[in-house]
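A short worksheet on the structure shown next.
Laboratory data are not the source of any read-out in this text; all were calculated from the coordinates shown. Computed from a prediction, not measured in an experiment: that's the story for all the values here. Here Cβ is always computed from backbone atoms with ideal geometry, including for glycine, and neighbour counts include all displayed protein chains.
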Amino acid sequence: MRRPKHLRLIVAASLGGLLLLFALQNMAEVDLTLLFWTFRVKRILLIAVSVLIGMAIGWLLVPSRHPPRA
């Protein structure tokens, strides 16, 4: 069974719309305390940085699936 050619575009646009809605609903500023410092940051920025740090940690901890070259 063939998928419609624009299925990826429709899915990407839908996910982009949901991401935009999520970002607009999380624009409030929150206090971030890190050791002795306190910062005021937008909640969406804090979420995005946390996701990026988690992705970087996962990328560093998962072993490569490619066999070593001789």
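Tell me the net charge near Arg40. Cut-off is 10 Å between Cβ atoms, Arg40 excluded, with +1 for each Lys or Arg and -1 for each Asp or Glu.
Here the count lands on -1.
Given the options Leu19, Leu52, Leu35, which has the most mean-square fluctuation in a GNM of the chain, springs set between C-alpha atoms less than 10 angstrom apart?
Leu35
Can you list which of the trypsin sites (Lys or Arg not before Pro) found in segment 15-70 are DSSP loop residues with at most 13 other C-beta atoms within 10 Å?
Loop-located and lightly packed - Arg65, Arg69.
Please give the charge dipole size of the chain, origin at the Cα centre, charges +1 on K and R Cβ atoms and -1 on D and E Cβ atoms. Round to the nearest 20 debye.
600
What percent of all Cα-Cα pairs in the chain falls in each 5 Å bin, counting up from 0?
Using 5 Å bins, I get a P(r) of 3, 12, 11, 14, 13, 14, 13, 9, 6, 4, 1, 0 for the chain.
Where is the GNM fluctuation largest for the chain (alpha-carbon springs, 10 angstrom cutoff): Ala28, Ala48, Ala12?
Most flexible of the set in this elastic network: Ala12.
Hey, if you put +1 on the Cβ of every Lys and Arg and -1 on every Asp and Glu Cβ in the chain, which of Ile53, Leu35, Val11 ends up farthest toward the positive end of that dipole?
Going by the Cα projections, it comes out as Val11.
When the chain is treated as a GNM, springs tying every alpha-carbon pair under 10 Å, which of Val30, Val11, Val41 comes out with the largest mean-square fluctuation?
Comparing Val30, Val11, Val41 in the GNM, the peak value goes to Val11.
How high is the relative contact order of the chain, given as a whole-number percent (alpha carbon pairs under 8 Å, six or more residues apart)?
Relative contact order, the chain: 17 percent.
Give me a comma-separated list of calculated 3J(HN,Hα) values for segment 20-31, in order, Karplus coefficients 6.51, -1.76, 1.60 applied at θ = phi - 60°, integers in Hz, x for any Gly or Pro.
5, 4, 4, 5, 5, 7, 10, 8, 5, 8, 10, 8
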